[in-house]
1. Can you name the residue in the range C:123-133 that is closer than 16 Å to C:Asp80 by Cβ and not polar (S, T, N, Q) and, of all such residues, is most open to solvent (accessible area, probe 1.4 Å)?
2. Determine which member of the set A:Arg250, A:Arg246 is under 19 Å from B:Pro46 (Cβ atoms), basic (Lys, Arg) and either modelled with pLDDT of 90 or more or in contact with a His (Cβ under 7 Å, 6 or more places away or on another chain) (or both).
3. Taking interchain pairs and intrachain pairs at least six residues apart, which have beta carbon atoms under 9 angstrom, with the first residue in the range C:23-47 and farther than 23 Å from A:Leu10 by Cα and at the interface with chain A (Cβ under 10 Å from one of its Cβ atoms) and the second crowded, with 24+ Cβ neighbours inside 10 Å and modelled with pLDDT under 95?
4. When the range A:174-191 is examined, which residues are found to be more than 13 Å from chain B (Cβ to nearest Cβ) and farther than 15 Å from A:Val58 by Cα?
5. Quick one: which residue in B:Thr207, B:Thr189 is touching a Leu at 6+ places or on another chain (Cβ under 6 Å) and closer than 16 Å to B:Thr167 by Cα?
6. Consider A:Thr67 against the criteria (1) open to solvent by 10 Å² or more (accessible area, probe 1.4 Å); (2) away from chain C (no Cβ under 12 Å): it satisfies all of them except one. Which criterion is unmet?
7. Does any residue of the range A:78-92 turn out to be within 19 Å of A:Thr41 (Cβ to Cβ) and of a type in the set (A, V, I, L, M, F, W, C)?
8. Looking at (1) within 30 Å of A:Glu115 (Cα to Cα); (2) in a strand (DSSP E or B); (3) modelled with pLDDT under 95, which is the only condition A:Leu179 fails?
Amino acid sequence: MSRRGSVITLTTDFGNADPWVGIMKGVIAGINPDAAVIDLTHGISPQNIREAAFVLLVGTPFFPKGTVHVAVVDPGVGGDRRALAVETPDCLLVGPDNGVLSWAFRGVEGAVVREIREAGYIREPVSSTFHGRDVFAPAAAHLSRGVRIGALGPPVADPVILEFPRTTKDGRTIRGEVLYIDRFGNLMTNIRPDDRQGVREVVIGNTTIRGLSAYYGEGGDGQAIALVGSTDFLEIAVNRGSAAERLGARVGDEVRVSL
Amino acid sequence: MSRRGSVITLTTDFGNADPWVGIMKGVIAGINPDAAVIDLTHGISPQNIREAAFVLLVGTPFFPKGTVHVAVVDPGVGGDRRALAVETPDCLLVGPDNGVLSWAFRGVEGAVVREIREAGYIREPVSSTFHGRDVFAPAAAHLSRGVRIGALGPPVADPVILEFPRTTKDGRTIRGEVLYIDRFGNLMTNIRPDDRQGVREVVIGNTTIRGLSAYYGEGGDGQAIALVGSTDFLEIAVNRGSAAERLGARVGDEVRVSL
Amino acid sequence: MSRRGSVITLTTDFGNADPWVGIMKGVIAGINPDAAVIDLTHGISPQNIREAAFVLLVGTPFFPKGTVHVAVVDPGVGGDRRALAVETPDCLLVGPDNGVLSWAFRGVEGAVVREIREAGYIREPVSSTFHGRDVFAPAAAHLSRGVRIGALGPPVADPVILEFPRTTKDGRTIRGEVLYIDRFGNLMTNIRPDDRQGVREVVIGNTTIRGLSAYYGEGGDGQAIALVGSTDFLEIAVNRGSAAERLGARVGDEVRVSL
């Protein structure tokens with residue numbers, strides 16, 4: 001049942017300075033030497049489940065069908081939180097039952113959620129501090145070889161679902177918030193493209209941006225602009241600069257769109 | 001026409017904290033699952049085209065013939081700058097037409113430059129902010145499968161060529177500059193090995209270094225030395241320390257060699 | 001003699017901002033395109049041989065049998081220190097003869113140590129500053145293809161062995177030290193699990209921790225705990241926080257266990 005060329009992605013808060021990510025890859029190589037392992041990112045802020053959930057939400061659609069996505073942001077490791085494997089029509093997801101996977105499968109028709117519990121697919125002895133190595137990497141490697149999700153453990157009816165921050169609409173004003181800030185200081189919001197028709201102004205803090213730009217370079221150097229970014233969310237950017245720095249913005253800050 | 005084991009390298013200013021690099025690899029895996037993708041670096045300073053051009057210049061010679069090198073340092077993304085694919089006798093290069101590729105192909109006999117424009121080799125719809133994902137990764141993946149560069153689009157007669165900083169010689173003095181500073185604080189200059197015969201002194205700021213060393217350890221701890229580095233350029237280093245810190249040096253600083 | 005799917009790991013102090021790691025991978029791809037190269041870490045503090053030795057000690061056991069582990073933390077590069085290849089019953093090790101490999105093979109029965117010297121397995125000309133590229137990557141790539149270690153050069157009877165910090169026992173008190181601090185600020189010590197029976201208190205600086213916890217989440221938020229970590233060493237952690245920061249701890253700090 002081997003699937004040559006199958007892809008496993010890793011998303012963690014392990015950073016790039018320690019050997020933990022490499023060790024997970026060693027465990028995977030021991031189970032499925034043919035898997036191609038791709039780092040989605042290891043730069044999630046320590047224990048920031050929402051940040052990782054966002055990364056999976058925007059990243060998973062660009063991988064081949066059947067890719068196994070592993071997320072390890074796991075402050076509850078060793079306690080009684082469950083370990084999950086999820087199958088959707090497009091991909092497989094593996095990680096702790098703390099909501100980190102939930103934005104990538106909530107609302108997806110036909111999503112199947114299982115607990116990872118069967119001994120044959122786990123590394124023994126299981127440590128109490130590193131399930132990335134002992135539970136999630138082995139389960140993902142087995143799935144990438146074609147093991148069926150049902151073999152890993154029993155169905156889970158009530159996985160933890162992280163609430164996705166909603167936008168609200170009040171007359172001609174949509175209110176949303178900053179969801180994610182990237183390395184360039186671009187601010188990604190939860191405001192969707194179908195809200196953008198006839199955007200008159202975008203307001204964040206005491207900055208007002210008139211209308212939407214088509215691309216970064218439309219703004220003069222250092223000028224804040226709003227545009228629909230590559231993730232299909234409304235984004236606030238500063239041409240050749242950091243919007244986060246320039247506007248003093250943080251994740252969670254309110255963004256208002258006037259139509 | 002599949003070429004098993006073909007290599008694609010990535011050089012970007014995306015850093016390691018965001019999912020953008022992983023997403024590019026997902027797109028590549030969807031087109032050519034057999035490509036081996038190697039990170040040359042994602043630590044280019046944001047929008048620093050010259051730094052990426054230097055990395056390609058010193059990095060590309062060490063990869064197998066036929067490797068596809070992708071560079072995405074792209075402040076003009078979404079505007080009217082062209083997307084380029086270049087073929088030299090040794091490698092293929094893919095990136096924006098802003099000079100980032102130019103040090104790796106200028107002066108190379110037989111280099112062919114094409115615009116990436118044909119719809120079949122681009123991901124639709126093309127976003128206005130992430131051509132790494134929508135244009136450069138797909139084009140590179142297709143090239144790595146054996147698609148001919150001519151299929152991607154029309155020839156480009158006037159690609160942007162970044163001027164390479166020249167050294168000047170005045171009597172017994174060669175003047176050059178610091179081109180690149182690495183993690184160790186080693187200063188790499190634009191002064192070439194054929195200039196090094198009979199080097200008497202190397203001067204940077206108010207530091208004078210006598211003669212060339214053969215290797216880092218020749219200097220006492222904390223002492224500045226000059227040597228011909230692994231990139232064949234004259235390098236200034238501090239044994240078990242950072243020359244950048246110790247000498248307060250920056251990219252662009254003048255370096256003088258007395259013969 | 002090709003071994004498909006053979007694994008090579010890299011451990012360096014090169015960081016992720018420069019192209020040096022990518023260049024090593026290019027050299028490996030040119031010699032063995034089928035090798036799977038895994039980064040163990042490139043975040044070793046510059047020239048910190050002990051840190052890399054620890055990473056190899058805790059990381060190598062989780063890779064498939066026959067994996068080739070390359071370590072390049074090499075302040076003596078270009079001088080007269082030897083280049084080593086080591087074979088144990090489980091793995092191969094490649095790196096400079098400065099002790100960086102030694103914790104991964106000292107005391108391992110049947111370990112064979114050879115100098116890397118034969119011209120056919122080295123990249124010519126050998127630079128005086130980058131043996132990762134010119135000596136260690138090529139040797140590892142050849143070993144991963146099935147070249148026998150004996151072909152690389154003569155036996156080495158006296159490789160540099162780094163002293164592993166010992167614990168001492170005085171009455172009911174074991175004294176050890178902090179060996180490694182990871183991204184989360186967890187403090188890993190040299191105190192082994194067989195010392196942990198009946199642990200009454202763990203003391204570091206002016207902090208006293210009562211007994212051992214089973215997992216991180218057992219502590220209240222911000223509370224220091226001690227537990228046996230995933231590396232089988234006694235570890236000091238702070239639930240949802242950094243023990244290093246909270247306790248002001250550093251590598252080398254004394255840790256006392258009262259039984």
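The values are calculated or read from the model by the stated rules, or taken from the named source; none is laboratory data. This structure is a prediction, so every number in the text was calculated from the model and none was measured. Every residue, glycine among them, receives a Cβ derived from its backbone with ideal geometry; neighbour counts consider all protein chains shown. Heavy atoms of the whole protein, side chains included, go into the accessibility calculation; ligands, DNA and RNA do not. Shrake-Rupley method; radii C 1.70, N 1.55, O 1.52, S 1.80 Å.
1. C:Val126
2. Details: A:Arg250 fails: under 19 Å from B:Pro46 (Cβ atoms).
After applying the criteria, what remains is A:Arg246.
3. Partner pairs satisfying both residue conditions: none exist.
4. A:Ile174, A:Arg175, A:Gly176, A:Glu177
5. On the way: B:Thr207 fails: closer than 16 Å to B:Thr167 by Cα.
Only one candidate passes the filter, namely B:Thr189.
6. A:Thr67 satisfies all of (1) open to solvent by 10 Å² or more (accessible area, probe 1.4 Å); (2) away from chain C (no Cβ under 12 Å) except (1).
7. Applying the first criterion (within 19 Å of A:Thr41 (Cβ to Cβ)) to the range A:78-92 yields A:91-92.
Filter again for of a type in the set (A, V, I, L, M, F, W, C), leaving A:91-92.
Checking the range A:78-92: at least one residue is within 19 Å of A:Thr41 (Cβ to Cβ) and of a type in the set (A, V, I, L, M, F, W, C).
8. If we test A:Leu179 against (1) within 30 Å of A:Glu115 (Cα to Cα); (2) in a strand (DSSP E or B); (3) modelled with pLDDT under 95, just (3) comes out false.
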